[in-house]
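S.K.: Take this structure first; my questions come after.
Here, each number is a calculation from the coordinates, and none is a lab measurement. Remember, predicted model here, so these are calculated numbers, not experimental data. Please note: Cβ atoms are built from the backbone with ideal geometry, for glycine as well, and neighbour counts cover all protein chains shown.
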Amino acid sequence: SAFVRCKNLEEVKIYHGVKEIGKGAFAETAIKDIVLPDSLMVAGDYIFSQCKELVSATLSTGLTEIPDYMFYDCNKFSFVNIPQNVTVMGDFAFANTYFGYVDLADTNILQIGKGTFAECQELKTVILPDTLVKLDAGAFT
């Protein structure tokens, strides 16, 4: 929770070489967009939770899992790339975000967690990948 609740923090540059970012590190900040370096292998739960100004994110190709509550309650959040290495989308990872359209067709997602896209009021279209083997309860409620 290194920068949690730093309400004036708007910009963060994370350089190549960073392999892990801990739980809630940037939660409740004013970050507007984020680029995670491809060296990043592990991102903690709640890492960007409740970042009310966050609009977009470029995820690391080193990630294999989108952690639980990663972008939870980022209600302006509307764009993210899903790298090919990601196979699991964590519980409530994108809950209460501003997605209107989710296309996972070209991903390798095997599992979408509980409530992953819950309370996404603008969500109208979802395209699931043919790799999907588990869709947890309430993923799109």
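S.K.: So how many residues does region 56-74 have that are crowded, with 18+ Cβ neighbours inside 10 Å, touching an Asp or Glu at 6+ places or on another chain (Cβ under 6 Å) and closer than 21 Å to Y101 by Cα?
M.R.: The number of residues fulfilling the criteria is 3.
The rows are residues; the columns are (1) crowded, with 16+ Cβ neighbours inside 10 Å; (2) in contact with a strand residue (DSSP E or B) (Cβ under 8 Å, 6 or more places away or on another chain).
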| site | (1), (2) |
| --- | --- |
| G24 | yes, no |
| I31 | yes, no |
| D38 | no, no |
| L54 | yes, yes |
| K76 | no, no |
| F79 | no, yes |
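S.K.: Can you give me the number of residues within region 109-135 that are closer than 20 Å to D73 by Cα and outside any loop (DSSP other than H, G, I, E, B)?
M.R.: The first filter runs over region 109-135 and keeps only residues closer than 20 Å to D73 by Cα, leaving 112-126.
Checking which are outside any loop (DSSP other than H, G, I, E, B) leaves us with 112, 125-126.
Counting residues in region 109-135 that are closer than 20 Å to D73 by Cα and outside any loop (DSSP other than H, G, I, E, B) gives 3.
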